[in-house]
Amino acid sequence: SLRITANSFLRNQRNIIFLDINRTQLRYINAEDVDSKGVEGEVKFRFLKNFTWTSNVSYIDKTFASFQNSGTQNDFLIGSPFPNTPEFFFNTELAWSKDNIFGTKIDVRLYGLYNHVDAFNFTFVGTQDTPETSPEAFIQEQNRFDAGISLQFLDKKITAAFNAVNITDEDLFDNLSIPRPGRNFNFKLIYQLSNF
């Protein structure tokens, strides 16, 4: 089976409060008008009975339309990218799952996940600034590979999962340029009390 979904949006947001990290002492400030437009898409493909391939892609153009108390000092921000907002990102996952494997009443799922985020600004930049001309204002392109296995048993009340995150040990950052963990492994045991 194949499922494809896509949508787009245009949005004008008024009075957005956001964290200004340009100051020694962080504080929240107000942007009077921010314009956003974007497209999103997803493809989900089931094949060979037990395999699923899922991909999501998003493009968001979020820019300042006007600024609090805008005067000449803030004119350079009009039309510039809103901080802490990735513009282009996508992920793709290949998974294999099997219910009641070998007649054991255990459901198994294996997956591999690739995530990509293009370079984006985490602080104020002008319309002419790029990751090449102002690298200190941008979080560089990020790529992450994860993989894992999960088992469900006891009528799907218990799930045990083991995940390997950031397998290639890439340098990763959040939207405020704070480093994320390098290669790491985790084990989760989940018990579902009831099915709402």
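The values are calculated or read from the model by the stated rules, or taken from the named source; none is laboratory data. As the structure is a computational prediction, the values presented were derived from the model and not from experiment. A quick note on method: Cβ atoms are made from the backbone with ideal geometry, for glycine too, and the neighbour counts reach across all protein chains shown. Surface accessibility is based on the protein's heavy atoms, side chains included, excluding ligands, DNA and RNA. Shrake-Rupley method; radii C 1.70, N 1.55, O 1.52, S 1.80 Å.
Before moving on, here are some points about what is shown:
- Subset of segment 158-174 [open to solvent by 60 Å² or more (accessible area, probe 1.4 Å), of a type outside the set (A, V, I, L, M) and over 22 Å from Y191 (Cα atoms)]: T168, D169, E170, D171, F173
- In segment 25-46, the residues that are farther than 30 Å from T123 by Cβ, open to solvent by 60 Å² or more (accessible area, probe 1.4 Å) and among the hydrophobic types (A, V, I, L, M, F, W, C): F45
- Residues of segment 24-49 that are in contact (Cβ under 8 Å) with a residue 24 or more places away in the chain and within 30 Å of S1 (Cβ to Cβ): G38, V39, E40, G41, E42, V43, K44, F45, R46.
- Some residue of segment 136-157 being within 30 Å of K49 (Cβ to Cβ), of a type in the set (S, T, Y) and buried (at least 16 other Cβ atoms within 10 Å of the Cβ): yes
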